[in-house]
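Visitor: Just dropping this structure here.
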Amino acid sequence: MRASPIAEKYGPFLDLAHQHQVIFYYVGYFSQNIVAAMAEAVKLQLEVAGVAGPTRRKLFSAFIEMAQNIIHYSADALTPPNQGNGELRHGSVCIRQESDGQFLLLCANPIAPETAHGLRAKLDALRSMTLEEIKLAYRQTLREEAPEGSKGAGMGFLTVARDAREPLEFDFVPAENAGGSPVFYLKAAL
Amino acid sequence: MDNLYIAPTPSSPEVDFRFDAHRLSLRGESYPENAAAFYANVIAQLKTYLAQPQEQPIDVQIALAYFNSSSTKMLFNLIEALNEAAQAGRQVDLHWYHDEEDDTLFEFGQELRDDFPALRFLSHPVGPT
């Protein structure tokens, strides 16, 4: 029996996702409503899959932090830059489950080239911290004024790092053409 | 002054500040798009209320199932304002509700208790519903 043309065309894509044990993937525009809906979907998915409470909570938390970072910082914005609320920006987020049952949370979005340097420095510093140092930095930052240019509290990465099993991994892929935006990748193991 | 009520949404909490009854409640989820903007008015009104010369004890109920990083900071500021009132002599009871399986919520409650000793901190672990 010949394979249906649909299965031929799209089967490999779905198979690839299955092989990579992707349990959630979204690429597109992120808004507060979209993130809230996705968070609900992820929460339900994890509950139904029987994932333990503490892990579900950490995944939910990291997911929100990463998704809201996309809303606030992605260089691909539909809304004007001075609009502080109701923002719509482009990125992607992916949750994979490893064979040992542990989870990987990945996100990617273009960023303004001038912010890449500062971001790299911040994440490099984070990578060199022990869990105790991360918790201490978290407590300290909680008590300080929010940093310049931060739309949240400047605590998003610390929050994810505190819950992760390993130091956060990140990468910057240079823009394809001159004047374009590099793409920022972040990976958290939970 | 008028009481403050903000209806909950899927990503922002119910704010039910009954200033006339000295009962303040925060309940639900907190991950609004812009936490600073959401809580700015809440904290401002709280401070106006706390500045009034009153002696009745304040009963504060916080039952948040989740709060994102920016909400955490705003919450901290809010409770700091309550602590200042307590330091000035007002009795403030803070009822902190947390899922008994959620370490993060429990630990944050402990931090509040340790950082703001003027408040009377009451921890309420909540079992599965």
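We did not get these values from a lab; they are worked out from the coordinates using the rules stated. Please read all numbers here as calculations on a predicted model, not as lab measurements. Cβ sites come from the backbone with ideal geometry, for glycine too, and all protein chains shown count toward neighbours.
Visitor: Would you please give the residues with an amide H less than 5 Å from that of residue A:51, counting only those at least 5 places away or on a separate chain, with H modeled from the backbone geometry?
Guide: Under 5 Å from the amide H of residue A:51: no residue qualifies.
Visitor: Hey, with R₀ at 41 Å, roughly what FRET efficiency would residue A:15 and residue B:100 work out to, going by the Cβ-Cβ distance, to 0.05? Present the calculation step by step, with values, prior to reporting the outcome.
Guide: On the way: r = 42 Å, r/R0 = 1.02.
Calculated transfer efficiency: 0.50.
Visitor: Turning to a different aspect of this structure: Once both labels are modelled 7 Å past Cα along the beta-carbon direction, what's the residue A:82-residue B:14 spacing in nm?
Guide: 3.9
Visitor: Another question about this same structure. Can you give me the angle between helix A:53-73 and the longest principal axis of chain A, using Cα atoms only, in degrees from 0 to 90, rounded to the nearest 10?
Guide: Helix A:53-73 sits roughly 70 degrees off the main axis of chain A.
Visitor: Tell me which residues come under 5 Å, amide H to amide H, from residue B:90 once H is placed; ignore anything under 5 positions away on its chain.
Guide: Long-range HN contacts for residue B:90: none found.
Visitor: Can you tell me the 0 to 90 degree angle between the C-alpha axis of helix A:131-142 and the longest principal axis of chain A, rounded to 10?
Guide: The helix A:131-142 is inclined about 60 degrees to chain A.
Visitor: Identify the trypsin sites (Lys or Arg not before Pro) of the range A:1-92 meeting these criteria: DSSP loop state and at most 14 other C-beta atoms within 10 Å of the C-beta. If you can, show how the numbers build up before the last one.
Guide: Details: sites: A:2, A:9, A:43, A:56, A:57, A:58, A:89; in loops: A:2.
Listed in order of number, the matching sites are A:2.
Visitor: Under the √(5λ) rule applied to the eigenvalues of the Cα gyration tensor, what semi-axes describe the equivalent ellipsoid of the range A:7-189? Give them in Å, descending.
Guide: Details: eigenvalues 129, 99, 55 Å².
Largest first, the range A:7-189 gives 25, 22, 17 Å.
Visitor: Could you size up the charge dipole of the range B:4-126 around its Cα centre, putting +1 on the beta carbon of Lys and Arg and -1 on that of Asp and Glu, and report it in debye to the nearest 20?
Guide: On the way: 8 positive and 19 negative charges, 114 e Å.
Here the size comes out at about 540 debye.
Visitor: A follow-up question, please. For helix A:113-127, report the angle its Cα long axis makes with the longest principal axis of the Cα atoms of chain A; keep it between 0 and 90° and round to the nearest 10°.
Guide: 90
Visitor: Per-residue ellipticity at 222 nm for chain A, helices alone: DSSP H runs ≥ 4 residues times -39500 (n - 2.57), over residue total, nearest 500 deg cm²/dmol? Mind dumping the intermediate values first?
Guide: Details: 6 runs with 88 residues, N = 190.
Result for chain A, helices only: -15000 deg cm²/dmol.
Visitor: Among B:67, B:79, B:40, which residue has its Cα positioned farthest towards the positive end of the charge dipole of the range B:4-126, with +1 placed on the Cβ of Lys and Arg, -1 on the Cβ of Asp and Glu, and the dipole taken about the Cα centre?
Guide: After comparing all options, I get B:40.
Visitor: Let me ask something else about it. Taking the Cα centre of the range A:14-101 as origin and charging only Cβ (+1 Lys, Arg; -1 Asp, Glu), how large is the dipole, in debye to the nearest 20? Walk me through the numbers before you get to the answer.
Guide: Numbers: 6 positive and 8 negative charges, 38 e Å.
For this selection, approximately 180 debye.
Visitor: Where in chain B are the DSSP H helices whose C-alpha atoms run 24 Å or more along the long axis and whose mean Kyte hydropathy is at least -1.0? Numbers along the way, then the final one.
Guide: On the way: long enough: B:69-87 (27 Å, 0.08).
The qualifying helices are B:69-87.
Visitor: Something else now. For the range B:36-129, evaluate the Debye formula with one uniform point scatterer on each Cα (no solvent term) and list log10 I(q)/I(0) at q = 0.10, 0.16 Å⁻¹, rounded to two decimals.
Guide: -0.26, -0.67
Visitor: In this model, which of A:9/A:58; A:58/B:73; A:9/A:43; A:43/A:135; B:47/B:73; A:122/B:73 are farther than 28 Å apart at the alpha-carbon? Mind showing how you got there, number by number?
Guide: On the way: A:9/A:58 36 Å; A:58/B:73 18 Å; A:9/A:43 31 Å; A:43/A:135 25 Å; B:47/B:73 17 Å; A:122/B:73 19 Å.
Listed pairs above 28 Å: A:9/A:58; A:9/A:43.
Visitor: While we're on this one: In debye, nearest 20: dipole of the range A:7-189 around its Cα centre with unit charges on the Cβ of K, R (+) and D, E (-)? Mind dumping the intermediate values first?
Guide: Values: 17 positive and 21 negative charges, 81 e Å.
With Lys and Arg at +1 and Asp and Glu at -1, about 380 debye.
Visitor: Kirkwood-based Rg over Rh for the protein assembly as shown (C-alpha set), two decimals?
Guide: Values: Rg = 21.5 Å, Rh = 21.3 Å.
My calculation puts Rg/Rh at 1.01.
Visitor: Evaluate the distance, in nm, between pseudo-label points positioned 7 Å from the Cα of residue A:144 and of residue B:1 along their respective Cα→Cβ axes.
Guide: 3.1
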